[in-house]
1. Tell me, which residue of the stretch 1-27 that is at pLDDT 90 or above and in contact with a helix residue (DSSP H, G or I) (Cβ under 9 Å, 6 or more places away or on another chain) is surrounded by the most Cβ atoms within 10 Å (Cβ to Cβ)?
2. Can you spot a residue in the stretch 100-120 that is part of a helix (DSSP H, G or I) and not aromatic (Phe, Trp, Tyr)?
3. Which pairs turn up if I take residues in the stretch 89-106 that are under 14 Å from residue 3 (Cα atoms) and look for partners that are of a type outside the set (A, V, I, L, M, F, W, C) and assigned to a loop (DSSP other than H, G, I, E, B) with beta carbon separation below 9 Å, at least 6 apart in sequence or on another chain?
4. Which members of the stretch 111-133 meet the condition of being more than 17 Å from residue 4 (Cβ to Cβ) and either in contact (Cβ under 8 Å) with a residue 40 or more places away in the chain or buried (at least 18 other Cβ atoms within 10 Å of the Cβ) (or both)?
5. Looking only at the stretch 45-89, how many residues end up being more than 15 Å from the chain's Cα centre (by Cα) and modelled with pLDDT of 95 or more?
Amino acid sequence: MALNGLILAGGKSIRMGQDKGMIDYHGKPQREYLVDLLKPYCLEVYFSSKENIRQNTIADHFDLDSPLNGILSAFHFDPSIAWLTVPVDMPYLNSRAIEFLFRHRDPKKVATCFFDSDGKLPEPLFTIWEIKSKPLLFDFYNSGGYSPRKFLEENDVQLLQAPDPKILQNINTHEDLVLFLKQSGQTLQGGE
């Protein structure tokens with residue numbers, strides 16, 4: 001079943017102090033790495049952002065400061081297709097993780113996702129959102145909901161154990177970035 005990709009890049013990156021999509025983990029800016037990663041699996045790949053600032057951007061359409069805005073905006077943009085969302089701040093995402101998600105996808109459910117890195121709650125940002133989730137997501141939002149994780153907890157979803165919990169690790173702060181680079185034997189460009 002076909003789907004589009006959505007790179008969730010609409011955050012302000014306040015804790016990081018720089019645009020997380022421009023960080024180079026894989027020899028290129030993370031946003032470019034994710035586009036290349038998603039292309040083999042998706043008909044089209046888009047960015048979720050506060051504003052329509054680059055090609056293939058779906059600007060946030062709702063008055064909501066949450067990743068749910070990007071998901072809702074994607075369904076507002078094209079309600080006829082499922083969406084695979086990936087956050088811009090998960091540098092360990094790779095094709096094996098996407099293939100695992102695809103192999104275990106259940107289109108009869110509202111969504112397919114992993115348990116988070118703690119193994120307790122749904123990880124809402126690396127998720128396949130089926131077409132049938134659209135009306136439920138909008139009902140959730142219209143009733144005051146804003147957390148995609150809470151939505152997944154309240155609905156019929158396919159929950160998976162990640163083949164490697166590290167794939168779900170977020171890099172949100174400068175300290176997280178320094179630790180990641182140190183563990184991978186890299187250094188920050190221009191020093192710390």
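1. 6
2. Our first condition is that a residue be part of a helix (DSSP H, G or I); within the stretch 100-120, this holds for 100-103.
Then drop every residue that is not not aromatic (Phe, Trp, Tyr), which leaves 101, 103.
There is at least one residue in the stretch 100-120 that is part of a helix (DSSP H, G or I) and not aromatic (Phe, Trp, Tyr).
3. Every condition considered, the pairs that remain are 98/40; 98/41; 99/41; 102/41; 105/130; 106/130.
4. Step one: of the stretch 111-133, the residues more than 17 Å from residue 4 (Cβ to Cβ) are 114-124.
The answer is 114, 115, 116, 117, 119, 122, 123, 124.
5. Selection size over the stretch 45-89: 6.
Matching residues to (1) among the small types (Gly, Ala, Ser); (2) more than 21 Å from residue 157 (Cβ to Cβ):
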| position | (1), (2) |
| --- | --- |
| 46 | no, yes |
| 50 | no, yes |
| 66 | yes, no |
| 74 | yes, no |
| 86 | no, no |
| 95 | yes, yes |
| 101 | no, no |
| 104 | no, no |
| 119 | yes, no |
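The values are calculated or read from the model by the stated rules, or taken from the named source; none is laboratory data. Just so we're clear, the structure is a prediction, and the values are computed from it rather than from any experiment. Note that we place each Cβ from the backbone using ideal geometry, even for glycine, and neighbour counts take in every protein chain shown.
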